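For reference, the structure discussed in these notes is given below.
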Amino acid sequence: MLSLDLTDTTAGKAPVDALVIGIAQGQDGPTLAPGAESLDKAMKGKLLAALIALGATGDEGEVTKLATLGTAPMAVIAAAGLGRSDDSGRFGSESVRRASGAAVRSLAGKSLIGSTLGLVNGGDDATLRAAGEGALLGAYAFDRYRTVSQNGRKPQAESVALIAPKPRDRAAKAAVKRSVVVAAAVHLARDLVNTAPNDLHPVELAAAAQAAAKRAGITARVLDEKALRREGFGGILAVGTGSVNPPRLVHLTYRGRGAKTSLAVVGKGITFDSGGLSIKPSAAMHQMKSDMAGAAAMVAAVTAAAELKLALDIDAWVPMAENMPGGGAYRPSDVVTMYGGRRVEVLNTDAEGRMVLADAIVRAAEDAPDYLVETSTLTGAQVVALGHRVAGVMGDPALCQRIEAAGERSGEPMWTMPLPDDVRRAMDSPIADISQINARMDKSAGMLAAGTFLAEFVPDGLAFAHIDIAGPSYNSQSPYGYVPTGGTGVPVRTLLELMEDLSENG
């Protein structure tokens, strides 16, 4: 990951290879955002006109590059679109974050990049943080499997220097430090999601979680298939029986100094989902390496919480399995005894995520946390309902509202969905405690059915929320803003915002 520093140099004198500035949509056309004044002076007041001549409009997501031709120390200027400011003249943190990410990504091949984007709102800490996060996230690249051909790819920058009014200020330094910790956590989640499934079976994913925990100085315990059988984790075992790669359950423990609130988190870790005997269509099956994005996000968020020394007690229970159609695979019509004793009638082996998650939820609830949050790439129905950039949240209304707010602050939009009683009634089983899916209805409400199933395993009175990230966790299209193709790292930043909220406000 590139380094991120603060500097008090001016834009017109920045000793960098390339400089990022902001350009906005004003009432009378494009206008330079604050921070570029000295650069414009060095270019004899012609900077905006040159950018407009190249087609710059100031629209969000737009990056216009301009050669300085010796008029300034840097060779290239990248003008990043910020869109329109609000009535007070401020630009939203997400606008700054996206502009910073898009600009840095466009400057691949430049070693040292300077940026004035931290100055657009007067250089406050929130804007510095957003500019730093965007730069670090936008510079992400996954090159593990590139050995010969780079397909024309240029190396990412080595360093970004954010121009700040008071670079030695303690709060400014703290903002940059947090940006680095958050970006490192997102990079970890992205790396895990992008790793080929032949290199990331449950055993390897558990080992990666252990390694991350060790770096963060927190406790990690791994339950292998023997321990899972001994302790009665029937859902995890059932899903894992069709694979030669055995399942795992990872328990991470963080105890924050001065903590008054406890949080349990659960993340789905299906390292590859073929659908099992209810096999998926082949067209998009290659993307099912991302079915462990929930697990990756939880591991990354908990270890980052430890790095940030949050005053919060956190227990993460992360179930991991590979859903394959091997000779021992569980079958439609099987009845599985889950952890805690509840029995589930299996109707579709491709609804495996809720099986492993239910086991982990029951175990997490045994410790009586104040809150329980779970995230998973659980249903294609989430994508149908909310698209590829908005996650669905279900559960306790007050907790869902806090998660939505955390997502808004972090730039990871969430939308609260209901858990209707009629959906639960449609999951009644004639032979077991509950059916795994609502097959006795039509195929509608799939996202709500999955959330309803999970809620069935949560004790009364425990504030619980389920976050379905099937769409937002993996970008199969072109990069945008600070989001690359492949694993996105959603919802690591939302989880960290929520953890900070809980640590401060209970």
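The values are calculated or read from the model by the stated rules, or taken from the named source; none is laboratory data. All of these numbers come straight from a predicted model, not from anything done at the bench. As a convention, Cβ positions derive from the backbone with ideal geometry for all residues, glycine included, and neighbour counts pool all protein chains shown.
For the condition surrounded by 18 or more Cβ atoms within 10 Å (Cβ to Cβ), touching a Lys or Arg at 6+ places or on another chain (Cβ under 8 Å) and among the aliphatic types (A, V, I, L, M), A102 does not qualify.
The single residue among A297, A283, A306 that is assigned by TED's automatic domain parsing to the domain that holds L200 and over 25 Å from V373 (Cβ atoms) turns out to be A283. One residue stands out among those in the stretch 367-391 that are among the β-branched types (V, I, T) and closer than 17 Å to G446 by Cα: the one that is surrounded by the fewest Cβ atoms within 10 Å (Cβ to Cβ), which is V384. On the basis of being among the small types (G, A, S), over 28 Å from the mean Cα position of the chain (by Cα), closer than 26 Å to N198 by Cα and in the same structural domain as G294 (by TED's automatic domain parsing), does G328 make the cut? For G328, the condition - among the small types (G, A, S), over 28 Å from the mean Cα position of the chain (by Cα), closer than 26 Å to N198 by Cα and in the same structural domain as G294 (by TED's automatic domain parsing) - is met.
Given the options A238, A220, name the one that is over 22 Å from D350 (Cα atoms), assigned by TED's automatic domain parsing to the domain that holds E497 and either touching a Cys at 6+ places or on another chain (Cβ under 8 Å) or at pLDDT 95 or above (or both).
On the way: A238 fails: over 22 Å from D350 (Cα atoms).
Of A238, A220, the one residue that is over 22 Å from D350 (Cα atoms), assigned by TED's automatic domain parsing to the domain that holds E497 and either touching a Cys at 6+ places or on another chain (Cβ under 8 Å) or at pLDDT 95 or above (or both) is A220.
Just give me the residues in the stretch 161-202 being outside any helix (DSSP H, G or I) and closer than 13 Å to R129 by Cα, in sequence order. Within the stretch 161-202, A161, L162, I163, A164, P167 qualify.
Against the conditions (1) over 27 Å from T488 (Cβ atoms); (2) surrounded by fewer than 22 Cβ atoms within 10 Å (Cβ to Cβ); (3) in contact (Cβ under 8 Å) with a residue 40 or more places away in the chain, R363 satisfies every one except (2). Of the candidates A398, A432, the single residue that is touching a residue at least 60 places away in the same chain (Cβ under 8 Å), of a type in the set (A, V, I, L, M) and assigned to a loop (DSSP other than H, G, I, E, B) is A432. Pairs meeting the criteria (first residue in the stretch 46-60 and within 16 Å of S95 (Cα to Cα), second residue part of a helix (DSSP H, G or I) and aliphatic (A, V, I, L, M), beta carbons under 8 Å, at least 6 apart or on different chains) are E60/A99.
Residue pairs whose Cβ atoms lie under 6 Å apart, separated by 6 or more positions or on different chains, with the first residue in the stretch 272-296 and assigned to a helix (DSSP H, G or I) and the second buried (at least 18 other Cβ atoms within 10 Å of the Cβ) and of a type in the set (A, V, I, L, M), are S290/V193; D291/I270; M292/I270; A293/V193; A295/V318; A296/A189; A296/L192; A296/V193.
Residues in the stretch 435-454 that are part of a helix (DSSP H, G or I) and over 23 Å from the mean Cα position of the chain (by Cα) were compared, and the one that is farthest from A385 (Cα to Cα) is F453. Assess whether A220 counts as being outside any strand (DSSP E or B), out of contact with any Ser or Thr (no Cβ under 6 Å at 6 or more places or on another chain) and surrounded by fewer than 24 Cβ atoms within 10 Å (Cβ to Cβ). No: the conditions fail for A220. The listed residues are N323, N348, and the only one of them that is at negative phi and either buried (at least 24 other Cβ atoms within 10 Å of the Cβ) or acidic (D, E) (or both) turns out to be N323. Check the stretch 144-157 and report whether any residue there is within 21 Å of V299 (Cα to Cα) and either touching a residue at least 12 places away in the same chain (Cβ under 8 Å) or not aliphatic (A, V, I, L, M) (or both). Looking for residues that are within 21 Å of V299 (Cα to Cα) and either touching a residue at least 12 places away in the same chain (Cβ under 8 Å) or not aliphatic (A, V, I, L, M) (or both), one finds at least one in the stretch 144-157, hence yes.
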